[in-house]
Amino acid sequence: MEPHFLSAVLMLLLVGTSSTHAQEIFGYCTTPDEQSGTCINLRECGYIFELVQRGVVPPEDRRFLQLGQCGYRNGQVLICCANSRRRKQQPQPTQPPLRSGLLPQPPNCGENFSDRVVGGKETGKREFPWMALIEYTKPGNVKGHHCGGSLINNRYVLTAAHCVSAIPSDWQLTGVRLGEWDASTNPDCTTSRNGRRECNDPYVDCPVVERIPHPQYPGNTRDQLNDIALLRLQNEIQFTEFISPVCLPTLASHRDALFLGHKVVVSGWGRTETNFTSNIKLKADLDPVPTSDCNQRYASQRRTVTANQLCAGGAEGVDSCRGDSGGPLLLEDFSDGNSNYYIAGVVSYGPTPCGLKGWPGVYTRVAAYLDWIENNVRP
């Protein structure tokens, strides 16, 4: 298509459009048909560019394109391009398959159902379906959720070792809740744009039968080294659109990466061992920070960050306080044409109070523990 003709088509699409549906939030957006997308130049989104190049755009497609606009850059139209349909020009090489065969690999993990709340800090009610709340039974048979975790297959949840080994002596870690969004309701329901009431399945509470903190976790010490643990569930979990596993960081590019220059996302209900901040699952976008910068900051607390940890955040008021201890630090990445979420880190520790400017949170780097994970899961 000639440039002037393309411009004419785009002008036609803009007519009568006073607002956009697919607003850009940190580069992320939601397409008009509720898919997770990235806000990019229209020419870079193959399937949409092909649609425009046809010349004659049917009314229903024209409406879709109008609602899919997410802004402008240098006078060029930006479109919300669905990650599931966007091709990456150079697919990243993958590591050999995990030996055990018990851990799911893309595209059977890390799927992110995209009814996210655009422009907010709350997640959509189906977003991050691997998120888990960890249940503790306290004196008087009082139960509460005070840590987070991530479902990695149909029997195991990945969390922080301090959520298992550094808890009050009169607490027992007894279960995991999956499929939760709003902890104050069951089931979780919202009203769609067309006025229809839509509900998730009820949450699922799963007893924990085995707790596996990393054997070299030193306990409640300053550096929190090897702060990672597995929880084995009593029964196999049936995957649904509300409960499914996250991907482990198995791409070759993940092996030693600190993910500098990429956006990462922390998510959870804000629960820690001592308090909680939200009934509804929250998320925050963070920037990874070089280990040297992180060590420079934490030197005043006599803490040392190692190669088996990573740092992210440091913007004022945005931190893993919006997530959980033990919850995931997520990276959206591409493999074989698919967009999936990978668990890059596990929430370990951060400044007190959280969200202090210049103080990133510290996360256990999951790629450093793939062998340990694989060696400790069983059917």
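General remarks:
- For trypsin sites (Lys or Arg not before Pro), the sites in the stretch 138-209 that DSSP calls loop and that have at most 16 other Cβ atoms within 10 Å are Arg193, Arg196.
- Exposure of Ser165 as accessible area (Å², to 10), given a probe of 1.4 Å and all protein chains: 60 Å²
- Alpha carbon convex hull of the stretch 188-284, projected area averaged over orientations, nm²: 10.3 nm²
- Area of Arg211 that stays accessible when all protein chains are in place (1.4 Å probe, Å², to 10): 100 Å²
- The distance linking the stretch 228-268 with the stretch 279-312 is 18 Å (Cα centroid to Cα centroid, whole angstrom).
- Quarter the surface of the alpha carbon convex hull of the stretch 143-222 and you get the mean projected area, 7.6 square nanometres.
- Normalised contact order of the stretch 203-258, rounded percent, pairs of Cα under 8 Å and 6 or more residues apart: 31 percent
- When the stretch 129-271 is described by a simple charge dipole with +1 on each Lys and Arg Cβ and -1 on each Asp and Glu Cβ, the residue from Ile228, Gly261, Pro215 located farthest towards its positive end is Gly261.
- Compared with the alpha-carbon gap, the fully stretched path from Arg43 to Glu236 is longer by 65.0 nm at 0.36 nm per residue.
The values are calculated or read from the model by the stated rules, or taken from the named source; none is laboratory data. In this text, all values refer to a predicted model and were calculated from it rather than measured experimentally. Quick reminder, even Gly has a Cβ in these numbers, built from the backbone with ideal geometry, and neighbours come from all protein chains shown. For accessibility, only protein heavy atoms count, side chains too; no ligands or nucleic acids. Shrake-Rupley method; radii C 1.70, N 1.55, O 1.52, S 1.80 Å.
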